[in-house]
Structures are given as structure tokens and as C-alpha cells.
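These notes concern the structure reproduced below.
The values are calculated or read from the model by the stated rules, or taken from the named source; none is laboratory data. None of these values were measured; they are calculated from a predicted model. Counting neighbours? That spans all protein chains shown, and the Cβs are built from the backbone with ideal geometry, glycine included.
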Amino acid sequence: MKNRLNKTVAALATGALLLVAVPVAGFASAGAATKPVYVIGYEGPLTGPANQYGLNEVYGLQLAVNQWNANNLPFTLEVKQFDDQGSGTLSPAQAAAAVAVPNLVAVVGPAFSGATHAAQPTYEAAKMPIVTPSATAVGLATTGANNFFRMVYGDDVQGTADANFLLKVKKAKSITVIDDATFYGAGIAKVVTDVAKAAKAKVVTTTLPQSTSCSAQASVAQFAAAATKIKNAKPDAVFYGGYACDYANLLPALSKAGYKGIVMSADGSYDAALMTQVNPVSAAKGAWLSAANCGSTGNLTGATAAAYEALSGIAPASALYDAQAYDAGNIIVAALKSIGVTALGTNTITQTRSAISAYLHANTFDGVTGKIAFQANGNLVGTGKGNIAIYQITGKDLPTKKTCY
Amino acid sequence: MSGFFHYFSSHFESFRGEFWALFFGGIGSGIIYAMVAIGYTMVYGVLRLINFAHSEIFMIGGFSGFFVLKYGIGSSTPSGLSSVFFVILGILAGGIAGSLSAVVLERVAYRPLRKRGAPKIAYLISAIGASYFLINIAAKEFGRIGQSMVQPYTDHAVFTIFGAPIQMYTIIILIVSVLMFLALDRIVSATKLGRGIRAVAQDSETASLMGVNIDKTIAVTFLLGGFLGGVAGFLYAMNFGVLYSMGFTPALKAFTAAVLGGIGNLRGAVLGGLILGIVESLSVSFVNPAYIDVVAFAILILVLMFRPTGILGERLGRDA
């Protein structure tokens, strides 16, 4: 009997131990998870004809997040990717998906101006701070929204620098300005046109809508025909407001038509894909590009650049807007840290998102791209003078040697 | 009114200056349209069906030539005889891949429908389905980013006619197309095979009673049309590079050209292609180059309204 009782006691004890042990194990894992998780979204082109921009940027953000996670923060950070292929048609759905993530506190991106323009109403309604490393269209900062921030100077600065480069440095007296009818391309082309006209240059404007090379509808035949007209009109310079996928069609068309003047495009065309698509590659020789990544808005350097290359496999020197995405991640984390885990734990997600926007508006940051402070409209403080890089294509690769304007 | 005259006089001024360059540019694109249009017109001749997946035959031809040259040439640019060799190699790669895929397409997407006596709309849906299938599989396998063709030669202006530079590329496509058009014309009008194609086009039932193998004749038709389509894809890709969606616009233009010349009519397809290429190219003297596609498809609508049978008329089954 005693023996049997002992057995029962032993069985009960074992059962009790098991019962206790399970919750203990449960608590143990819950203990690790009490460190809350916050998600930073990235929206940009991760596939499609312009995905190089997206890859450049998402790795910049990921690097910032990895470094913070290794830094014993009171919370864990994650990056969630939203692939809009750079398209304004696809971006609202990606924005809707991003705002629906319950612990997603801010978005780095969208990368492209047209995509940002289309997604902004969704983000604004959700009070989601969007910090774009590269959307440069002027119109993005004139909507009165307070959730928009950009890490580069807008196309008013870049377009003016480009026009002045053509007019003053290259002494162009006549310019044909072409745009691709996108929100970005038409915007920067208009800035160049306005500045050139104000300087009394002879300006002819033409629209060549995005072709099948950019996953759009227009046929590539338009470039050869337009180039023939340009060759006969003999302007001193041609400026193209658009993306690399079509700049790669325009350059050979101009070269085959025998046009010998200056040809320039802006950051939409500063894409490694330009050099793999332009056919033959010699047609691009001598052409000019610009981007908003000079002076205080340069590329990653030093140990950060090495860490970036190890993470992404992309050479930082030609990874346009990598540093801007890295800094965008850092300032969002700075905002989270300043708000603090206590407030983050009690806030609703909308309150947290609004608090991040408020913090970004109120503070100045020291980033790898220099001092970062935002105007009320989301543009960087300052005139941006000296922040526009001008590149000339000389070989088979995207040029990295820049002059600042 | 004076503004109106000024508009035209100033445009005619520039028109005079750029006429020949635009004209030869138009011939270049017109030849590509013509080669693709032949594929549409031949299939229409024997099956009374628009093979809307023909645009993907064009794309497959482009990619085959692309891969052959990429691995055959590497990073150098050949010259002299090896240039000629690689151009011919690319043409064969494009043509063979084009004809093989056209034959497979016929077997998979059309023949089962034909055997079941399916209505015409089923062919159309099958064609569109096959087209989307091929576009998306190409996008998945080859990526959604355009790539430029490794150049088998160094393109340059060889000579000028009336001040218009004529590129080596234009000369190559002229020679290739003329040879292929002549060969095809001979095959269709003077061989037993061609007689079979014409017989099936005219009256397939009677043709089969007279001992013509319908299945084989249809397969040969797809083979020939696919060859030209594939070669056109390669020639186009030499200039514009390859992309999964590269076939869409040129093929739609080629379809326009086939209708313009008279669908079912081989010589009409060539004529239609050339006219379409030249007219759309010359139009940029008067309208923004962005309207080039508008001009092309306005022509299609006008032809359908005023001469639905095309310039040379439908000539199904008769001499070429």
C-alpha cells in the first residue's frame, strides 16, 4: 500500500512538475519576446526595370537596422519590404499593405516620385511617416502633408543645377528638353525648361512617353524618329527627364542620327541598368548624368561602405541613394528611442507614427550624409547648392567620378 | 489662317531637311513589320485565324539570338568575316527557335481545338492565353530588365544618301529580308509544299480529298511564319536589345501591316509593312514623335473603314 501510495505521489508530483514546467518554459520564451518588435517598411522597386534603386536603398536601410539590433536596444527592429516596381499604379496597394501592419511605425521610401505621389494619400490618412531617400519631384513637398520627408534635395535644386551646367559651363544657347510624361520626368524637365527660358536660351520641348523598355506602352521607334528631328534642329544640348530604361534608347538613337551635341539626363537615369541596356555602349560615351548625392548628400564611405558592400554585394560608389536610405533608417530609430519603450507600449500605432513625424520635424540629425533637418513641407533645410553631382559617362560602367554643383 | 499656313510652311521646311533620314529609318522598321506580318498572314491564310501569340515567337527569336551571341562572342566585338559569321549564326538561332516554338504552339494551342471543331473564339482565347503564358515565363526566366545584344559588328554609317546616314544595321536587315522574301515567294508559288499551302488556304476540305496532308501543311505554315518572325526578333534585338515584352508593339504594328496590305496576301504583308514603317516615320515631321503609334493605328482604323480587304486585297490561296 505504501509502495503504491508512493507511486501515486510520484505520479502526481511528476504531473505537477510537468504542469508547472510548461508555463515556466512558456514564460521563459515570453520573457525574451517582451522586448517589443517594431517594423520599418521599405517601399520601392525591388523588381522591374528600375529595381537597382530599390536594391541600393533597401540594403542601406537593412544595414542601419542590423547595426541597431546589434546595439542592445530596448526593442527589436525588423525591415519589411513592399515592392512597387517604381510604379504609381502599383504603389497604392503596397502602401495599403504597409499601413495595415500593426507594428509598422514608419516607411523608408517610396523610392520613386510617381509612386510616392500615388501612395501618399494612403500614408497620410494613416499618419504614416514616409522618409524617401530618392523621390525628388517638386510637387511632393507642396501638398501640405506633414508625414512626408525626403533625404535629398528636390528637382527644383537638381533641375536648376542641370540647366545651369548646360547654360553656363557648357555654354549651350539652345536646348531640346525631352520628358517621359511621368510625374518625375515631366517635373524635372519643366524645371530645366523654366531655368533655360529665363536665361534667354532657345528651348524646344518634346514628350516621348515611356516605352515598352520601361514596361509601358509606347514603341521604341519614337526615339529614332525624334533623334532625326533633333539632329536637323541642331540644338547645342539635349536634356532628358526620365529613366534609364528609355535614356538607353535615346542615346543610341541620337548617336545613330549623327547628333554631336551635349546630351544630359538626371538621377532617374543614373542606374547601372543604363550601361547594360544602351546598345552599343559606345553610344553613351560622353553623355552626362546628374544626381542629388554630392557634398553633404554623398554616398556611404569608409567602414559603413565596406559593411554595406558585404551585406548587399553592391559597390557603394555607384549605389545611388544608399547613404540616404541608411540615414533614413537611423533617424527613424532615433525617433523611436526618443519616444521610449514606455510610451511606445501604451501608444496606439497611429500615435506612435504621429510622434515619429513630430520628432523628425523638430530635430536636427548628424547623419553620414551630413546635417539633416527638415522644413515643414518635408524638404531638407538649405538651398542645396553644391549638393548636385554631375557625372560624365566615359567607359562601359556607370561613372562614379562626380563634380558638385 | 495665316497661322495655319505658317504651321505647314515651317513644318515643310523641316520636312525637306529630314525627309530621307526619316524615310530610311521607316524602311528599317517597315522591314521588321513586314517579316512579322508574313507570319500573321500565312497562318490566317490556312486557318482563318489571327495567331496573337506570334508576338512571342518574335520575342523567343530575339532571346535565342541574344544567348547564342552572348556565349559565342563574349565581351569582344568581332570584325570582318567573323562578324558575318555571327550575324548568320544569330539569324539561324532566331529563325530556328522561332519556327520550333511556332510549331509547338500550333500543336499545343491550336491543333487540339481544330480536332474538336472548336468555334473561332476559342482559338482567339487560346492564342491570347499562350501569348500571356510565354510573356510571363520569359519575364520569370530572363528577368524583367532589358538587356542589350552583344554586337556582332561595329555599327556605323556606311554611306549617306541625300544626306541621310545609312547604318550597317539597315543594310544587313535589307539584305536578309530581301533574300528571305524571295525564298519564301519561291517556296509558296513554285514548290509542292507551297502548292499544298495554297490549296489548304483556298479550300481545305477539297485539298484533303486531293491528298494534301492538312496537319503537315498547317505545321509547315507555322514553321515558315515562325522562322521569319524569329529572324525579325533577332534583327530587332540587335538594335533595341531583348526584353520579355519586346514583341507586343512590333507585332501589333505587323498585324496592322498585314491588314493594310490585305490579310492572307504575302506580297500585301510586305507592302503593308513598308508603307506603315515609312508613313509613321515621316509623320514625325508634322506631329510630335510621341504620336508615332497613334499614326500607325489610325491607319489601321482608316483601312478597316474604307478598304477592309487591304491595299492588295485578300488573296487567299491564289498565287502567293
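Of all the criteria given as (1) small (Gly, Ala, Ser); (2) crowded, with 24+ Cβ neighbours inside 10 Å; (3) not in a helix (DSSP H, G or I), the one not satisfied by A:ALA98 is (3). Within segment B:116-159, the set of residues being part of a helix (DSSP H, G or I) and small (Gly, Ala, Ser) comprises B:ALA122, B:SER126, B:ALA127, B:GLY129, B:ALA130, B:SER131, B:ALA138, B:ALA139.
For the structure I just gave you, tell me whether A:LEU140 is surrounded by 23 or more Cβ atoms within 10 Å (Cβ to Cβ) and part of a helix (DSSP H, G or I). In short, yes. Across segment A:380-393, the number of residues qualifying as in a loop (DSSP other than H, G, I, E, B) and either at positive phi or at pLDDT 95 or above (or both) comes to 4.
Between B:ALA251, B:ALA258, B:ALA269, the distinction of being under 30 Å from A:ILE230 (Cα atoms), buried (at least 24 other Cβ atoms within 10 Å of the Cβ), under 13 Å from the mean Cα position of the chain (by Cα) and at pLDDT 85 or above belongs to B:ALA251 only. For residues that are surrounded by fewer than 24 Cβ atoms within 10 Å (Cβ to Cβ) and away from every other protein chain (no Cβ under 14 Å), tally how many sit in segment A:264-287. Summing the residues that are surrounded by fewer than 24 Cβ atoms within 10 Å (Cβ to Cβ) and away from every other protein chain (no Cβ under 14 Å) in segment A:264-287 gives 1. Just to be sure, is A:LYS260 away from chain B (no Cβ under 14 Å) and over 15 Å from the mean Cα position of the chain (by Cα)? For A:LYS260, the condition - away from chain B (no Cβ under 14 Å) and over 15 Å from the mean Cα position of the chain (by Cα) - is not met. Residue-level analysis places A:PRO235 among those that are surrounded by fewer than 24 Cβ atoms within 10 Å (Cβ to Cβ), within 14 Å of chain B (Cβ to nearest Cβ) and at pLDDT 95 or above. Within segment B:40-95, restricting attention to residues that are of a type in the set (D, E, K, R) and not in a loop (DSSP other than H, G, I, E, B), the residue that is farthest from the chain's Cα centre (by Cα) is B:LYS70. Tell me whether segment B:236-245 contains one or more residues that are within 14 Å of chain A (Cβ to nearest Cβ), among the β-branched types (Val, Ile, Thr) and in a helix (DSSP H, G or I). No, segment B:236-245 contains no residue that is within 14 Å of chain A (Cβ to nearest Cβ), among the β-branched types (Val, Ile, Thr) and in a helix (DSSP H, G or I).
Note on segment A:207-222: among residues that are free of Cβ contacts under 8 Å to residues at least 24 places away in the same chain, of a type outside the set (Gly, Ala, Ser) and facing chain B (nearest Cβ under 7 Å), the one that is surrounded by the fewest Cβ atoms within 10 Å (Cβ to Cβ) is A:THR212. May I ask you to list the residues in segment A:28-42 that are assigned to a strand (DSSP E or B) and either modelled with pLDDT under 55 or in contact with a Phe, Trp or Tyr (Cβ under 9 Å, 6 or more places away or on another chain) (or both)? Residues satisfying the conditions are A:VAL37, A:TYR38, A:GLY41, A:TYR42.
Restricted to segment A:32-72, and to residues there that are hydroxyl-bearing (Ser, Thr, Tyr) and away from chain B (no Cβ under 14 Å), the residue that is nearest to A:THR132 (Cα to Cα) is A:TYR42.
Considering A:THR301, A:THR276, the condition of being among the hydroxyl-bearing types (Ser, Thr, Tyr), over 16 Å from the mean Cα position of the chain (by Cα) and within 19 Å of A:LYS401 (Cβ to Cβ) is satisfied by A:THR301 alone.
Checked against (1) of a type in the set (A, V, I, L, M); (2) farther than 30 Å from A:LEU254 by Cβ; (3) not in a helix (DSSP H, G or I), B:ALA207 meets all criteria but (3).
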